[in-house]
Number of protein chains: 2
Amino acid sequence: MRINEVMKALADPTRREILRLLNEGEKSAGELAERFAITAPSMSHHFSVLKAADLIRSRRAGQQILYALNTTVFEDLMSLLFDLFGRTEAGMHEKEGEQ
Amino acid sequence: MRINEVMKALADPTRREILRLLNEGEKSAGELAERFAITAPSMSHHFSVLKAADLIRSRRAGQQILYALNTTVFEDLMSLLFDLFGRTEAGMHEKEGEQ
DNA sequence: TCGAGAATTAGCCATATATCTAAATGGACG
DNA sequence: CGTCCATTTAGATATATGGCTAATTCTCGA
């Protein structure tokens, strides 16, 4: 996991809301876009940031592109946060995050 | 908790490293600064961002200012991440077994 | 093959951010 | 007091980011 890309991706409120919506299930780009007051190209930019961070996955279905959460990153994120905040008693979590 | 401020604070690698160092225990501004290749004013800027996000607390001890983690935010952060990634009932039924 | 619909890519602009140097603040101590 | 030391504040600058419009790509269906 690229921590920096993940964290930067999560730093934007629009992207966090996209993730929240995708938590309900797979949605098309257009379906997501209509929930926001920004243009499709801007949304597309956010999708690419989320994809680069591997927070979402996409697949084409006809003319549409469907996006879905990549939940495996969640665990990595938890691991990172424990690394930052977790009060550890010697070896409580062996697996250290990168960076 | 101001999610946006917390997330933006965490988006910077220097600030994440500061938190990691503070996880070892309280440290002075200078003590933290000497670990990085950036100037004291730049460090000070990062401290203020972390403070604004309530991720750290500070207290004066003579000429020095000591910083410490504010661990209570950790729980809030976890809660937020579950909100983003945690499978809710609706989501669970839509994409079961997906990874 | 052609046109329409969905989405992305390209290019531009304004704002936000991270960094620096220089100056100001606040405490310690002779 | 006066000066030193630790840190912050002010102000400047370069880069990053997020938004837009216009143009392009890709797929579907007549």
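The values are calculated or read from the model by the stated rules, or taken from the named source; none is laboratory data. Being a predicted model, the structure only gives us computed values, none of them experimental. Methodologically, a virtual Cβ is constructed for each residue, glycine included, from the backbone with ideal geometry; neighbour enumeration extends over all protein chains shown. Protein only, heavy atoms only, side chains kept; ligands, DNA and RNA dropped before computing areas. Shrake-Rupley method; radii C 1.70, N 1.55, O 1.52, S 1.80 Å.
Contact map, segment B:67-85: residues that are within 7 Å of chain A (Cβ to nearest Cβ) and free of Cβ contacts under 8 Å to residues at least 60 places away in the same chain paired with residues that are open to solvent by less than 20 Å² (accessible area, probe 1.4 Å) and β-branched (V, I, T), Cβ distance under 8 Å, separation 6+ or inter-chain. Pairs shown: B:L69/B:I56; B:F85/A:V73. Being at pLDDT 95 or above and either under 18 Å from B:M7 (Cα atoms) or more than 10 Å from chain B (Cβ to nearest Cβ) (or both): is that true of A:L50 here? In short, yes.
Cβ-Cβ contacts under 6 Å between residues 6 or more apart (or on different chains), taken from a first residue in segment B:10-21 that is open to solvent by 10 Å² or more (accessible area, probe 1.4 Å) to a second residue that is near DNA strand C (Cβ under 7 Å from one of its atoms) and in a helix (DSSP H, G or I), are listed as B:T14/B:H46; B:R15/B:H46. For segment A:22-37, filtering for residues that are more than 10 Å from chain B (Cβ to nearest Cβ) and either open to solvent by 50 Å² or more (accessible area, probe 1.4 Å) or on the phi > 0 side of the Ramachandran plot (or both) leaves 4.
Considering each of B:A68, B:A40, B:A61 in turn, give the residue that is of a type in the set (G, A, S), more than 12 Å from DNA strand C (Cβ to nearest atom) and open to solvent by 20 Å² or more (accessible area, probe 1.4 Å). Let's see the steps before the verdict.
Details: B:A40 fails: more than 12 Å from DNA strand C (Cβ to nearest atom); B:A61 fails: more than 12 Å from DNA strand C (Cβ to nearest atom).
Criteria check complete, one pass: B:A68.
Pairs are defined by a Cβ separation below 7 Å, a sequence spacing of at least 6 or placement on different chains, a first member in segment B:28-40 that is assigned to a helix (DSSP H, G or I), and a second member that is more than 12 Å from DNA strand C (Cβ to nearest atom); the pairs so defined are B:A29/B:Y67; B:L32/B:L21; B:L32/B:Y67.
Return yes when A:S42 is under 15 Å from A:L69 (Cα atoms), over 10 Å from the mean Cα position of the chain (by Cα) and polar (S, T, N, Q) and no when it is not. No: the conditions fail for A:S42. Number of residues in segment A:43-58 that are open to solvent by 30 Å² or more (accessible area, probe 1.4 Å) and either assigned to a strand (DSSP E or B) or in contact (Cβ under 8 Å) with a residue 24 or more places away in the chain (or both) equals 5.
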